[in-house]
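The values are calculated or read from the model by the stated rules, or taken from the named source; none is laboratory data. Note that the structure is predicted; figures quoted are calculated from it, not measured. Cβ: placed from backbone, ideal geometry, glycine included. Neighbour counts: every protein chain shown.
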Amino acid sequence: MSTESSKTKTETDKRSRIIEASINVFAEKGFHSSRVSDIAKGAGVADGTIYLYFRNKEDLLLCIFEEKMEDLIVDLRAALQGVEEPIDRIRVFAEQHFLQLERYPALAQVFQVELRQSHTFLREYRPERLWEYLNIFGEIVEEGQRRGVIRPQVDAFFTKWAFFGALDELSIQWVLARKRDRFNLKRASEQVVDLFINGARCN
């Protein structure tokens, strides 16, 4: 490995450590209560190193969203590979959404709670990764309409937001639940999908 390649890998690894440490710190302490020094300690770097990669704590939070949403989209597309029927693809979408909560609980805390406390995220930021995620569902609905299994009156744009809204609200309840083991996400997934399918499916 060349010296330049080795340096690039080191920088990438360091940035990744900062991202992962910030997720854990934000989840544990809350975004506003977290200090850059806490993140630096968790990442094993000096405090000033954080500012070599991120402008400030807010920038770091938005970068978490960008990068982790990209990962979730990759995982979702992989889960949908080989699933042909639109109704089955809807089920996979919901199952995968909740599976990611259980797989990455600290990230779920950051996404469901901490991001919503960011004025920049809520007022100024364009969440294009989220739109890409939702468009996958919208495309499933449109494919279902082309195949004659979803009513043509169903509006794909409104439906993808309504479906996501149901998943998102249940996700918040799971994150905030004191006893998560009693919150059956598999059952929640089945309920949301069944309600949607019963309303959208052609008779």
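Is it fair to say R178 is of a type in the set (K, R), at pLDDT 95 or above and out of contact with any helix residue (DSSP H, G or I) (no Cβ under 8 Å at 6 or more places or on another chain)? No. List pairs: first in region 36-63 and closer than 13 Å to I23 by Cβ and aliphatic (A, V, I, L, M), second modelled with pLDDT of 95 or more and surrounded by fewer than 18 Cβ atoms within 10 Å (Cβ to Cβ), Cβ under 6 Å, 6+ apart or cross-chain? Pairs that qualify, where the first residue is closer than 13 Å to I23 by Cβ and aliphatic (A, V, I, L, M) and the partner is modelled with pLDDT of 95 or more and surrounded by fewer than 18 Cβ atoms within 10 Å (Cβ to Cβ), are A43/R17.
Can F157 be described as in a helix (DSSP H, G or I), at pLDDT below 95 and farther than 14 Å from I90 by Cα? The answer is no for F157.
Pick out the one residue from G165, G138 that is in contact with a Lys or Arg (Cβ under 7 Å, 6 or more places away or on another chain) and without any contact (Cβ under 8 Å) to a residue 24 or more places away in the chain.
Values: G165 fails: in contact with a Lys or Arg (Cβ under 7 Å, 6 or more places away or on another chain).
Answer to the check: G138.
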